[in-house]
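To start, the structure under review is shown below, and the notes come after it.
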Amino acid sequence: MGKACDNRQRCVDRRRHHYSFVFRREGGAPPPPTSGPPFTGSYEELEDPIKVKVVRDDKDFAMYFSRSVIPYTRGAEPSAWPSISAYYTHIGLYGYRADVLKKISKLPQSPLEKAENLEQLRWLQAGMRIRTAVSDSVSIGIDTPADLEEAQRIIKNNLHG
């Protein structure tokens, strides 16, 4: 993928690192960034509503986030979907300037946000663009007591070899 530069010309080698950038949109504040690692599990794991999925365009902007499996792979059994289509899960790592955070915090909840219970849909529905980056490593979210136990197990194993 080569080098990527933000609007201040700070560059990173995207082949080796995971970064999200904030780009200016015409006539407005920069959008919040997010990240999405490629999904490599089974369909059963993919359909878990705790794992938020993101569909991205060719320029790495988010098109939609969902708790459902997106994209829908027409004409194939769901169990085969992960081997046919590219799926990305959402980490939820954001970076904001203070003025952007103030603007976002004043937006009313949108119908899409209420339907999926995903705050980033509020920003998309308000016309903001969300830049994504693909992570080289898979992360775990801590959304349930079982997730916390798994994270504690991983930390313990990493600290004690």
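Restrict the check to segment 140-148 and report whether at least one residue is in contact (Cβ under 8 Å) with a residue 24 or more places away in the chain and not acidic (Asp, Glu).
yes
Might you let me know whether segment 113-124 holds any residue that is small (Gly, Ala, Ser) and open to solvent by less than 70 Å² (accessible area, probe 1.4 Å)?
No.
Just one of 148, 112 is within 17 Å of residue 54 (Cα to Cα) and in a helix (DSSP H, G or I); which is it?
Exactly one of 148, 112 is within 17 Å of residue 54 (Cα to Cα) and in a helix (DSSP H, G or I), namely 112.
Restricted to segment 24-70, and to residues that are in contact with a strand residue (DSSP E or B) (Cβ under 6 Å, 6 or more places away or on another chain), open to solvent by 40 Å² or more (accessible area, probe 1.4 Å) and part of a loop (DSSP other than H, G, I, E, B), which residue is modelled with the highest pLDDT?
Here the answer is 57.
Filter segment 76-118 down to residues that are touching a strand residue (DSSP E or B) at 6+ places or on another chain (Cβ under 9 Å) and of a type in the set (A, V, I, L, M) and give me whichever is nearest to residue 38 (Cα to Cα).
The qualifying residue nearest to residue 38 (Cα to Cα) is 86.
Given the conditions (1) among the small types (Gly, Ala, Ser); (2) touching a His at 6+ places or on another chain (Cβ under 9 Å); (3) open to solvent by 70 Å² or more (accessible area, probe 1.4 Å), report the number of the one that residue 135 does not fulfil.
(3)
Could you please find all residues in segment 71-95 being open to solvent by 70 Å² or more (accessible area, probe 1.4 Å) and either touching a Cys at 6+ places or on another chain (Cβ under 7 Å) or closer than 13 Å to residue 120 by Cβ (or both)?
93
The values are calculated or read from the model by the stated rules, or taken from the named source; none is laboratory data. Just so you know, these numbers come straight off a predicted model, no measurement behind them. All Cβ positions, even for glycine, are placed from backbone atoms using ideal geometry, and neighbour counts span all protein chains on display. Only protein heavy atoms, including side chains, enter the accessible area calculation; ligands, DNA and RNA are left aside. Shrake-Rupley method; radii C 1.70, N 1.55, O 1.52, S 1.80 Å.
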